[in-house]
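Below is one structure, written out as structure tokens, with a few remarks after it.
The values are calculated or read from the model by the stated rules, or taken from the named source; none is laboratory data. Everything numeric in this text was worked out from a predicted model, so none of it was measured. As a convention, Cβ positions derive from the backbone with ideal geometry for all residues, glycine included, and neighbour counts pool all protein chains shown. Please note that ligands, DNA and RNA were not included when accessible areas were found on the heavy atoms of the full protein model with its side chains. Shrake-Rupley method; radii C 1.70, N 1.55, O 1.52, S 1.80 Å.
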Amino acid sequence: MSQTNRISVPPELTDILLEFTVNVLVEKPVDIVNYAVNYFTKLRTERQQNGTKNVEFENDAGASEDEDILDEESPRPPNRFARRKSVFAEHYDPEEDEDDDNDKVVYPKSDEQRQQLAEAVRNILLFRSLEQEQVQEVLDAMFEKKVQMGEVVIRQGDDGDNFYVIQSGIYNIYVNTDQEHEKFVGKYDNTGSFGELALMYNQPRAATIKAATDGSLWAMSRQVFRKIILKSAFKKRKEYETLLEGVPLLQFLNPYERMNLCDALMPKSYKDDMAIIKQGEVGDGMYFVESGTVRIVMVSESGEEKEVSKLNKGQYFGELALVTHKPRAASVYSVGDVKLAFLDVQAFERLLGPCMDIMKRNINEYEEQFLKVFGSKTNISDLR
């Protein structure tokens with residue numbers, strides 16, 4: 001993108017959204033919308049009370065970066081309005097990175113160690129949306145760190161640089177409060193992980209982790225993680241942009257709307273003859289075919305099952321249930337290896353409003369297809 005076409009983002013907007021994101025990741029609210037309303041309402045109230053409109057807030061020193069330390073759901077906008085140093089991680093522009101894949105960092109691990117690592121990071125928010133190839137690249141780049149009893153792994157207030165997965169050992173968690181220095185708040189016993197926020201932000205540690213026994217950790221640096229994830233995400237967005245440009249349904253979206261759609265898509269992969277959606281299920285999203293072929297199968301009201309059609313790269317399915325708010329009208333199965341881009345129902349309703357009329361008109365085409373296969377409308381349920 002040329003310099004003249006770059007969008008200027010107000011610095012305050014970036015800081016506000018960053019702080020909100022950190023709070024969401026730490027506190028993990030069930031209802032993010034209500035959480036956001038409460039968070040920004042409290043922030044506005046505190047700003048009005050302090051008589052300022054343009055402030056940067058610092059992190060609450062008592063906030064933990066691991067879900068085992070904090071379990072509160074109420075948002076807590078920081079109550080001190082001093083300027084603080086930036087928490088943004090080092091700049092990395094994947095578009096400017098011309099390195100090929102030959103410079104990948106790989107630290108040898110046994111199959112058992114890789115399995116343990118994969119299990120440890122499976123439920124961490126930052127890793128949930130990664131494709132299997134990305135996860136493997138991240139695991140390759142994790143290095144082993146031996147620790148001795150009494151050694152401080154991370155210290156509250158220090159800049160965060162590494163994320164850790166416990167291979168062995170017991171690690172105590174301490175937090176400094178106004179009333180107590182290094183208050184013991186919990187421990188990890190030969191399992192768990194900590195410091196994941198350091199993979200995103202150059203943020204001061206929210207707790208101290210000290211080894212209670214000799215042990216071993218797997219570590220991942222922020223710089224390597226960001227390069228792997230951001231470069232992969234950049235490539236994936238380019239692939240999605242190319243994919244969506246060929247979808248006639250989306251021709252009414254402007255470039256900004258299409259970009260938002262790319263960011264909302266989640267990759268999904270299927271082996272041969274796997275069920276992707278089942279007839280009668282509640283629709284939770286729609287799919288774009290990134291590569292491979294899928295077949296659409298429908299069971300009539302008389303119990304007769306027939307293949308309705310096949311779809312290939314650039315085509316889509318699953319939107320019918322979202323438009324009509326009815327259960328899935330057909331089942332879809334993979335034919336060979338298939339890669340799909342999934343758009344969940346919330347993003348569908350938010351981003352594809354301009355295309356809704358077209359999708360409603362497509363219902364007529366679906367009915368005609370089903371009519372050709374089953375011969376009569378009496379054999380199929382009403383799609384509308």
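Just to verify a number: FRET efficiency for Leu17 and Glu180, C-beta to C-beta distance, R0 = 35 Å, to 0.05? Mind showing how you got there, number by number?
Numbers: r = 33 Å, r/R0 = 0.94.
For Leu17 and Glu180, the calculated efficiency is 0.60.
Ordered by residue, what ³J(HN,Hα) values in Hz, to whole numbers, does region 143-160 give under the Karplus form 6.51 cos²θ - 1.76 cosθ + 1.60, where θ = phi - 60° and Gly and Pro are x?
So the Karplus estimates, Gly and Pro as x, are 10, 7, 10, 7, 10, 10, 3, x, 6, 8, 7, 9, 10, 4, x, 6, 5, x Hz.
Using a probe radius of 1.4 Å on heavy atoms only, what accessible surface per residue do you get for region 173-320? Whole Å² is fine.
Ligands and nucleic acids excluded, the result is 48 Å² per residue.
In a shell of Cβ-Cβ distance under 12 Å around Lys109, excluding Lys109 itself, what net charge do Lys and Arg (+1) and Asp and Glu (-1) give?
For residues surrounding Lys109, the net value is -3.
Would you compute the Debye intensity of region 118-182 from its alpha-carbon atoms alone, equal scatterers and no solvent, and pass along log10 I(q)/I(0) at q = 0.12, 0.19 Å⁻¹ to two decimals?
Debye output, listed in q order: -0.45, -0.94.
Calculate one ³J(HN,Hα) per residue across region 105-121 by plugging θ = phi - 60° into the Karplus curve 6.51 cos²θ - 1.76 cosθ + 1.60, and present them in order as whole Hz with x for glycine and proline.
Running phi through 6.51 cos²θ - 1.76 cosθ + 1.60 with θ = phi - 60° gives 8, 9, 10, x, 8, 6, 4, 5, 5, 5, 5, 4, 5, 4, 5, 5, 9 Hz.
Given R₀ = 22 Å, what would the calculated FRET efficiency be for Val37 paired with Glu349, taking r from the Cβ atoms and rounding to 0.05?
Values: r = 19 Å, r/R0 = 0.87.
After rounding to 0.05, the efficiency reads 0.70.
What figure, in Å² to the nearest 10, do you get for the accessible area of Phe40 with a 1.4 Å probe and non-protein molecules left out?
About 70 Å², rounded to the nearest 10.
How big is the C-alpha Rg of region 230-305 next to the rule-of-thumb value 2.2 N^0.38 Å, as a ratio?
On the way: Rg = 15.6 Å, N = 76, 2.2 N^0.38 = 11.4 Å.
With N residues counted in region 230-305, Rg over 2.2 N^0.38 Å equals 1.37.
Any of Lys238/Lys268; Lys236/Lys271; Lys227/Lys310; Lys187/Lys235 with alpha carbons more than 28 Å apart? Name them for me.
Table pairs above 28 Å Cα-Cα are Lys227/Lys310; Lys187/Lys235.
Quick check: net charge around Asp140, other residues with Cβ under 10 Å of its Cβ, Lys/Arg +1 and Asp/Glu -1?
Spelling it out: positives minus negatives among the neighbours equals +2.
Over region 207-246, consider all pairs of different Cα atoms and compute the Kirkwood hydrodynamic radius from their mean reciprocal separation; express it in Å, one decimal.
Kirkwood radius, region 207-246: 13.5 Å.
Give the carbon-plus-sulfur fraction of the accessible surface of region 182-236 in %, rounded to a whole number; probe 1.4 Å, heavy atoms of protein chains only.
Values: 1090 of 1950 Å².
With neighbouring chains kept in place, the figure for region 182-236 is 56 percent.
Quick query: amide H of Lys313 versus all other amide H atoms, modeled in the peptide plane; which residues come in under 5 Å with a sequence gap of 5 or more or a different chain?
HN-HN under 5 Å from Lys313: Gly292.
Determine, at each q value in 0.11, 0.16, 0.20, 0.24 (inverse angstroms), the log₁₀ of I(q)/I(0) that the Debye formula gives when each Cα of region 183-290 is one equal point scatterer.
Taken in order of the listed q values, log10 I(q)/I(0) reads -0.66, -0.94, -1.12, -1.35.
How much FRET efficiency would the formula 1/(1 + (r/R0)^6) give for Gln223 and Glu46, where r is the Cβ-Cβ distance and R0 is 51 Å, rounded to 0.05?
E between Gln223 and Glu46, to the nearest 0.05, is 0.90.
What list of ³J(HN,Hα) couplings, whole Hz, do you get for region 263-275 from phi and the Karplus terms 6.51, -1.76, 1.60, once you set θ to phi - 60° and write x for glycine and proline?
5, 8, 6, 10, x, 9, 10, 9, 7, 4, 6, 8, 6
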